[in-house]
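Here the structure is laid out as C-alpha cells; the discussion comes afterwards.
The values are calculated or read from the model by the stated rules, or taken from the named source; none is laboratory data. Computed from a predicted structure; not experimentally measured. With ideal geometry, Cβ positions are generated from the backbone for all residues, glycine too; neighbour counts draw on all protein chains shown.
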Amino acid sequence: MPSESVYGDSVHDDEHSRAAHRTSANVGRTMIGEDIELTLKIVVGGGVGAGKSTLIGSVSEIRPLHSEETLSESEAGPERSDTGGAERKTTTTVAMDFGRITVHSGLSLHLFGTPGQERFRFLWEELSEGALAAVVLADTRRLEDCFAAVDHFERRRIPFVVAVNRFPDAPDHTEHDVAQALDLDGGTPVVLCDARDRASGKEVLIRTVEYAGRMHTARLLAAVG
C-alpha cells in the first residue's frame, strides 16, 4: 500500500504541494481509486497553559513526547487539573510536544505542539514547516495569550481552527464572541472543546482537516482560474 507524508525536508516539497491540495473527501484515495496511507502534519499552538500538551496527550495513540522544564515562581499560572479544579502550572513545553492519531483507515495525523512561552517562539517557524493546518487552543480567561499564535498562522497562510478549551471557571463566551475578540478572518472556525477528552479532541482535529481541505482547494482553484 503506497504511503506518503505531507511534511518533511525540502527534498519532499513537490510531494507536500500535491498532498496539501487534497480535500477531505478524497483523503486516502488516489485519482485512480488506489488506496493510500496518508499522513498529515497538524500544529497545535496557543498560550501558556491553554491545553496544548493535554490535547495531544488525550488523543495520541502512542505515548506522547513532551519536552518540559519547571516553571519559575513568577511564570507559574493556573491550569485545570484532571479533577476539574484549578491548580498552579508547574511545567512548560520548551521545544515541542508530539503525538499521533489515526482518524480512519488510510489517514493519520502527526501532531506537533508549540511552546507557549515567548522566549521559545523562535521554534514556531520550524515546527510549522510543511504543516497542512493548525489548531489554536484558547482560554477565555486569557484570550490575549493566543493572539501571537493566530497572527503566526495567518501570516504563514496556514489554515487553522480556534479550539476554546472549556475551563470550569472560565467566562462562558460563544464561538461568535471569541471570533470577534480575536478579529478572525471570516469563515475561520471556532469550536468549543474539552482538551482532556479524547472524543472532543478528535472532533477538533476532524474539523481542522475538513477546513484545511476546503481552504487549500479554494486556493488551488483561485490560482488556476
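Of all the residues that make up segment 171-180, how many are surrounded by 17 or more Cβ atoms within 10 Å (Cβ to Cβ) and in contact (Cβ under 8 Å) with a residue 24 or more places away in the chain?
2
In segment 28-63, which residues are buried (at least 16 other Cβ atoms within 10 Å of the Cβ) and either among the hydroxyl-bearing types (S, T, Y) or at pLDDT below 50 (or both)?
Hits for segment 28-63 are T39, S53, T54, S58, S60.
For segment 99-106, does any single residue satisfy the condition of being of a type in the set (S, T, N, Q), out of contact with any Pro (no Cβ under 6 Å at 6 or more places or on another chain), over 17 Å from D183 (Cβ atoms) and at pLDDT below 85?
No: segment 99-106 contains no residue that is of a type in the set (S, T, N, Q), out of contact with any Pro (no Cβ under 6 Å at 6 or more places or on another chain), over 17 Å from D183 (Cβ atoms) and at pLDDT below 85.
D145 versus (1) touching a residue at least 12 places away in the same chain (Cβ under 8 Å); (2) in a helix (DSSP H, G or I); (3) farther than 16 Å from S53 by Cβ: which is the lone unmet condition?
Unmet condition: (3).
Out of segment 33-62, which residues are part of a loop (DSSP other than H, G, I, E, B) and on the phi > 0 side of the Ramachandran plot?
The answer is G33, G49, G51.
Matching residues to (1) more than 15 Å from C146 (Cβ to Cβ); (2) in a helix (DSSP H, G or I); (3) touching an Asp or Glu at 6+ places or on another chain (Cβ under 9 Å):
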| residue | (1), (2), (3) |
| --- | --- |
| G187 | yes, no, no |
| L192 | no, no, yes |
| K202 | yes, yes, no |
| R207 | yes, yes, no |
| Y211 | yes, yes, no |
| R219 | yes, yes, no |
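Can you tell which of V162, V150, V178 is touching a Phe, Trp or Tyr at 6+ places or on another chain (Cβ under 8 Å) and either among the β-branched types (V, I, T) or more than 12 Å from I42 (Cβ to Cβ) (or both)?
Just one listed residue meets the conditions, V150.
From L137, L127, grab the single residue that is aliphatic (A, V, I, L, M), within 19 Å of T54 (Cα to Cα) and touching a Lys or Arg at 6+ places or on another chain (Cβ under 6 Å).
L137
Do we have any residue at all in segment 211-223 that's β-branched (V, I, T), exposed (fewer than 14 other Cβ atoms within 10 Å of the Cβ) and either out of contact with any helix residue (DSSP H, G or I) (no Cβ under 9 Å at 6 or more places or on another chain) or on the phi > 0 side of the Ramachandran plot (or both)?
Within segment 211-223, none of the residues are β-branched (V, I, T), exposed (fewer than 14 other Cβ atoms within 10 Å of the Cβ) and either out of contact with any helix residue (DSSP H, G or I) (no Cβ under 9 Å at 6 or more places or on another chain) or on the phi > 0 side of the Ramachandran plot (or both).
Out of the residues in segment 97-142 that are hydroxyl-bearing (S, T, Y) and in a helix (DSSP H, G or I), which is nearest to L65 (Cα to Cα)?
Applying the filter and picking the extreme gives S128.
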